[in-house]
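Read the structure below first, then the notes.
The values are calculated or read from the model by the stated rules, or taken from the named source; none is laboratory data. Predicted, not measured: the structure shown is a model, and the values here were computed from it. Cβ coordinates were reconstructed from backbone atoms using ideal geometry, including for glycine residues, and neighbour counts include every protein chain displayed. Side chains are part of the model used for accessible areas, which takes the heavy atoms of the whole protein and leaves out ligands, DNA and RNA. Shrake-Rupley method; radii C 1.70, N 1.55, O 1.52, S 1.80 Å.
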Amino acid sequence: RKIVTIVGARPQFVKVAPVSRVLRTHCREVLVNTGQHYDYKMAGVFFEELSIPKPDYDLGVGSGNHGKQTGEMLNKIEEVLLRETPDAVLVYGDTNSTLAGALAASKLHIPIFHVEAGLRSFNKRMPEEINRIATDHVSDLLFPPTETAVRNLQREGFADHVFMVGDVMLDAVLYNIELAKRNHRLETFGLAERDYYLATIHRADNTDDRQRLKAILEALSRMSAPVVLPLHPRTQKMIADYGFGDLIASSPAIRIIEPVSYLEMLLLESGAKGIITDSGGVQKEAYFARVPCYTLRDETEWVETVESGWNTLVNPLNANLADAVQRRTDVPYIENLYGDGNAASKIVDCMMKFLAERRG
Ligand code: UD1
Ligand code: UDP
């Protein structure tokens, strides 16, 4: 049996690592990297650090507008699928790489398995929302990480091929957290435990809107402790385009660094006094690390983090972060909102059963 796995962006490298490890003990995996992310610090370092197998195909698609980027991926993935004739295609999350993989496979009548299915922000301005909905609707096996995601899928008419498995990002954290703490030190970053905030900003809605990005940077600059900001290349570009360099340079709080590796990120997350983000993955990692999270968005797909009190939505336009931090009170920790850390094995079991039944 042969499965073609498609990845391309940073969060997908984190998710593929635990699944691929299990999958390869059961069948042949052909790994395709679209090249959506290509800087060493956005891609290569994850392959090295997480021991992700070398891709069988590097499509080298790179950046571009949605149509160009997705179209080029679609074209190249179709060629790979025609050549490899796999039994199924495995896609992760909600990026343009996910959508291109799912579309290419669906037109060739190849079964599609979607890890992280059923997430919804109910905000169709987000490219990710379109990517998720379209991918879920052409998939043959859906792996929602939460009950909320299961309910979202039910509402859209899916029942049969939905398997709640938990979140593979927890598998990744459990596998790597000790390694992160052994191999890296906060002192290397000039930081002391619980003495700083960690921030990440890259959501298009926040970066590509002058007013919102300015409001966010100003809010970060008003924090009373250092704010370490590993800068996503998209945000770096927009800061330069909008001329916000001075705003940052004159802020004693904001400390910009390059994107960090996954192990470094786990360490920075676990030592922070709070995490400020618009990332999907980082909201969950904050909860795993039991660190309060402040999410600079109007809504989130990861509603359990908010309902449990570990995550607070902060409107980016009048981002009163300091106020949100002050108002947060201690809340009890609710375990297992994202499963038990064995999502990868459950996913692979379901996939193997599906393929065996089809064959039989
Ligand atoms: C993509 C995903 C988003 C995900 C994020 C994770 C889509 C539509 N968006 O957003 O869901 O949360 O990845 O990080 O798929 N760039 C570089 N070097 C790189 C990669 C990007 O310089 O290695 C710059 C380019 O200027 C590029 C811009 O970042 O145009 C945006 O990259 P792109 O992959 O289109 O979207 P992301 O914002 O990274
Ligand atoms: N991440 C990382 N280094 C960074 C920023 C993020 O290793 O400098 C990791 C983070 O720990 C998480 C994943 O990248 O595992 C999340 O990716 P990102 O925030 O880019 O995308 P999203 O989850 O929003 O789609």
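Just to compare against my own numbers: the Cα pair-distance distribution for the chain, 20 Å bins, whole % per bin, please.
In whole percents, the pair-distance histogram is 30, 59, 10, 0.
Greater than 31 Å separation of Cα atoms is the criterion. Which listed pairs, K214/K284; K284/K353; K15/K107; K54/K346; K124/K181, meet it?
On the way: K214/K284 26 Å; K284/K353 29 Å; K15/K107 25 Å; K54/K346 24 Å; K124/K181 39 Å.
In this structure, K124/K181 exceed 31 Å between Cα atoms.
Taking a quarter of the surface of the convex hull around the Cα atoms of the range 228-342, what do you get in nm²? Don't skip to the end; give the middle numbers.
Numbers: hull surface 32.3 nm².
Hull-based average projected area comes out at 8.1 nm².
Please state, rounded to one decimal and in Å, the Kirkwood hydrodynamic radius that the range 152-303 gives when every pair of distinct Cα atoms enters the mean of 1/r.
16.7 Å
Largest first and in whole Å, give the semi-axes of the range 127-190's equivalent ellipsoid, each being the square root of 5 times a Cα gyration tensor eigenvalue.
Details: eigenvalues 246, 39, 17 Å².
The answer is 35, 14, 9 Å, longest axis first.
Run the accessible area of the range 26-156 with a 1.4 Å probe and give the carbon-and-sulfur part as a rounded percent.
Numbers: 2740 of 5410 Å².
Carbon plus sulfur share of accessible area: 51 percent.
Expected output is a single nm value to one decimal: the length gained when fully extending between E48 and D330, i.e. 0.36 nm times separation in residues minus the C-alpha distance. What is it?
Numbers: separation 282, 0.36 × 282 = 101.52 nm, distance 3.80 nm.
Net length gain for the segment: 97.7 nm.
Can you list the residues of the range 85-102 with backbone N under 12 Å from a point 7 Å past the Cα of C27, pointing along Cα to Cβ?
So the set is 86-91.
Leaving ligands, DNA and RNA out of it, work out the accessible area of I275 with a 1.4 Å probe and give it in Å² to the nearest 10.
0 Å²
Chymotrypsin sites (Phe, Trp or Tyr not before Pro), restricted to the range 80-154: which are DSSP loop and have at most 13 other Cβ atoms within 10 Å?
Details: sites: Y92, F113, F122; in loops: F122.
Answer by residue number: F122.
Taking a ≥ b ≥ c as the square roots of the eigenvalues of the Cα gyration tensor of the range 8-133, is the shape rounded (a/c under 1.5), prolate (a/b larger than b/c) or oblate?
The shape class here is rounded.
Any idea of the accessible area per residue across the range 44-92, 1.4 Å probe, to the nearest Å²?
The answer is 50 Å² per residue.
Starting from the 7 Å offset along Cα-to-Cβ, what nm value, one decimal, do you get for the label separation of L82 and R194?
Placing both labels 7 Å beyond Cα along the Cβ direction yields 6.1 nm.
Given R₀ = 30 Å, what would the calculated FRET efficiency be for E156 paired with Q236, taking r from the Cβ atoms and rounding to 0.05? Don't skip to the answer; put the middle values down first.
Numbers: r = 37 Å, r/R0 = 1.23.
Computed FRET efficiency for E156 and Q236 comes out at 0.25.
Return the ratio Rg/(2.2 N^0.38 Å) for the range 29-82, where Rg is computed over Cα atoms only.
Details: Rg = 11.8 Å, N = 54, 2.2 N^0.38 = 10.0 Å.
Compared with the compact-globule rule of thumb, the range 29-82 sits at 1.17.
Within the accessible area of the range 251-327, what % is carbon and sulfur when the probe is 1.4 Å and the other protein chains stay in place? Before the final figure, lay out the partial values.
On the way: 1190 of 2470 Å².
Looking at the range 251-327 in its full context, I get 48 percent from C and S.
How large is the accessible surface per residue of the range 203-271, computed with a 1.4 Å probe and reported in Å² as a whole number? Could you put the intermediate results ahead of the total?
Numbers: 2850 Å² over 69 residues.
Ligands and nucleic acids excluded, the figure is 41 Å² per residue.
Which net charge results for the neighbourhood of V227, defined as the other residues with beta-carbon distances under 15 angstrom from its beta-carbon, given Lys and Arg at +1 and Asp and Glu at -1? Please report the intermediate quantities before stating the final value.
On the way: positive: R194, R222, R255, K273; negative: D195, E218, E269, D278.
Cβ neighbours under 15 Å give a net charge of 0.
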